[in-house]
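All remarks here apply to the structure that follows.
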Amino acid sequence: MTSYVAAIDQGTTSTRCMIFSHAGEVVAVDQMEHEQIFPKAGWVEHDPEEIWRNTREVAAGALAKADLSASDVVAVGITNQRETAVVWDRSTGKPVYNAIVWQDTRTDRICAELEALGGGQDRYKDKTGLPLATYFSGPKIRWILDNVEGARERAEAGELLFGNMDTWVLWNMTGGPQGGVHVTDPTNASRTLLMDLSTLEWDESIAADMKVPLSMLPTIKSSSEEYGRVRERGALAGVPIAGILGDQQAATFGQACLSPGEAKNTYGTGNFVLLNTGTEKVMSQNGLLTTVCYKIGSNDPVYALEGSIAVTGSLVQWLRDNLGMIASAPEIEGMAAAVDDNGGCYFVPAFSGLFAPYWRSDARGAIVGLTRYVNKGHLARAVLEATAFQSREVIDAMNADSGVPLKSLKVDGGMVVNELLMQFQADILGVPVIRPVVAETTALGAAYAAGLAVGFWAGEDDIRNNWAKDKEWTPSMDDAAREKTFGLWKKAVTRTFDWVE
Ligand code: G3P
């Protein structure tokens with residue numbers, strides 16, 4: 001009997017279930033988008049109950065499309081949008097508030113208060129690898145406990161649980177109020193600002209600073225082991241859940257970046273470049289994050305340097321949804337291809353402030369260089385170029401931190417079908433850009449973590465052997481042109497600073 005592994009990919013804009021074969025090939029996929037809730041400027045929320053409903057539906061949908069049943073699936077892996085915070089009642093399973101999404105900037109004041117306790121933005125950097133920024137979960141939990149009536153008392157009485165989306169989905173899949181497993185993995189925990197990167201345990205003193213009761217926090221297990229079985233009477237009933245990786249770490253794993261020095265760039269809602277640094281924690285001097293890359297069973301944890309960019313693919317969605325300039329995201333390529341260059345126009349999408357390498361919550365988006373010459377083709381090109389320029393900035397920071405310049409870049413995610421963007425990315429980096437056959441590396445990475453735990457795959461060599469190149473783009477821009485346009489981009493970035501008090 002042929003067996004398969006399933007992966008649940010709970011992302012920022014949608015939830016997917018994918019079924020993989022032993023060769024790492026996609027057998028079936030089902031996907032549902034969920035509502036993006038914007039209650040105020042800078043606020044972004046999701047409805048956790050909608051996400052849980054969608055999770056069950058896509059699991060059933062993917063199995064139906066593959067014409068498989070639960071008994072054909074040996075393990076399930078979970079991967080997820082990281083940092084997004086849910087707080088719920090352990091006895092009813094009801095969230096006390098919507099999930100506060102990673103892009104949300106409402107915790108700006110909380111972060112400033114924590115900085116003022118001493119040590120500034122890097123107060124927790126030695127322990128957690130992270131700067132104090134609105135991006136991470138800890139301050140979001142604090143906001144919920146401070147602002148939802150009765151939440152703090154209930155949390156202190158042990159009635160409330162916190163989880164990122166991995167934990168929310170796992171707890172519900174394993175029974176919810178009837179014995180749900182309250183667990184996370186170190187890749188997700190390393191994004192809360194509450195975990196010590198060396199011990200992989202919650203740090204009591206940081207939790208006390210943030211006024212987050214430890215009783216709310218999930219148990220941190222490895223990224224690859226059996227946490228429990230699917231309890232509800234659904235499509236995957238009885239299947240062991242055996243892998244958890246935050247989506248960017250999952251993509252790194254799925255791209256077979258398993259040795260120090262190997263890196264990938266995922267083009268999703270945002271872009272996230274991760275460089276495997278092995279068992280060594282490299283502390284960035286250039287605005288990158290130090291994070292857990294994966295921890296397979298009882299093996300030592302593997303760390304990564306990360307360049308997180310908040311807005312890339314979501315800028316294309318903004319053009320579609322907020323401006324109506326395109327009817328569907330892929331249309332942007334044709335519009336951009338109608339012109340030869342950006343016409344002098346630069347679009348810095350600092351919608352959530354700026355993440356790496358700047359970490360400026362005071363920044364807001366700007367379009368600069370406008371003249372009457374600029375048309376929608378130029379604007380479309382500026383939108384695509386913004387992704388490539390931002391990627392170049394974090395890769396420059398990575399090269400400076402590691403001292404070893406990247407020789408090529410593996411890419412994955414939704415936008416890598418865009419040929420114009422991939423060529424421009426190679427041009428602006430000056431190194432080849434390589435796309436694998438299976439560009440769905442996020443779900444694949446979670447499937448690998450789960451499949452390794454149950455012995456479906458024997459070890460990392462299976463992952464390396466399954467990886468295959470689809471296409472490579474080589475740089476074709478001369479050095480002078482590259483540095484000129486990148487210089488103008490850097491200047492445009494400075495125009496977004498000091499916008500919010
Ligand atoms: O850190 C945020 C990241 O995990 C979100 O990824 O692909 O869901 O936009 P994505």
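The values are calculated or read from the model by the stated rules, or taken from the named source; none is laboratory data. Computed from a predicted structure; not experimentally measured. No Cβ is skipped: glycine too gets one built from the backbone with ideal geometry, and neighbour counts run over all protein chains shown.
Here are a few things to note about the model shown:
- Odd one out for N286 among (1) away from the ligand (no atom under 16 Å from the Cβ); (2) farther than 22 Å from V493 by Cα; (3) assigned to a loop (DSSP other than H, G, I, E, B): (2)
- For the stretch 248-266, the candidate set comprises residues that are small (G, A, S) and over 19 Å from A388 (Cβ atoms); within that set, the residue that is modelled with the highest pLDDT is A250.
- Residues (among the hydroxyl-bearing types (S, T, Y) and under 30 Å from T290 (Cβ atoms)) located in the stretch 310-345: T312, S314
- At least 3 residues being buried (at least 24 other Cβ atoms within 10 Å of the Cβ), in contact (Cβ under 8 Å) with a residue 12 or more places away in the chain and among the hydrophobic types (A, V, I, L, M, F, W, C) is the threshold, and among the helices (runs of 4 or more DSSP H) wholly inside the stretch 163-274 those reaching it are 165-173, 247-254.
- The sole residue among T291, T269 that is more than 19 Å from L452 (Cβ to Cβ), at pLDDT below 95 and within 14 Å of the ligand (Cβ to nearest atom) is T269.
- Selection from the stretch 1-31 of residues that are within 27 Å of G93 (Cα to Cα), away from the ligand (no atom under 14 Å from the Cβ) and surrounded by fewer than 22 Cβ atoms within 10 Å (Cβ to Cβ): D30
- Positions within the stretch 355-390 being assigned to a helix (DSSP H, G or I) and either free of Cβ contacts under 8 Å to residues at least 40 places away in the same chain or within 18 Å of Q103 (Cβ to Cβ) (or both), in sequence order: H378, V383, A386, T387, Q390
- Yes/no for E35 being over 17 Å from the mean Cα position of the chain (by Cα), surrounded by fewer than 22 Cβ atoms within 10 Å (Cβ to Cβ) and either closer than 14 Å to N80 by Cα or in contact (Cβ under 8 Å) with a residue 40 or more places away in the chain (or both): no
- Residue selected from the stretch 417-457 under the condition of a type in the set (G, A, S) and touching a Pro at 6+ places or on another chain (Cβ under 9 Å), by the criterion nearest to D166 (Cα to Cα): A450
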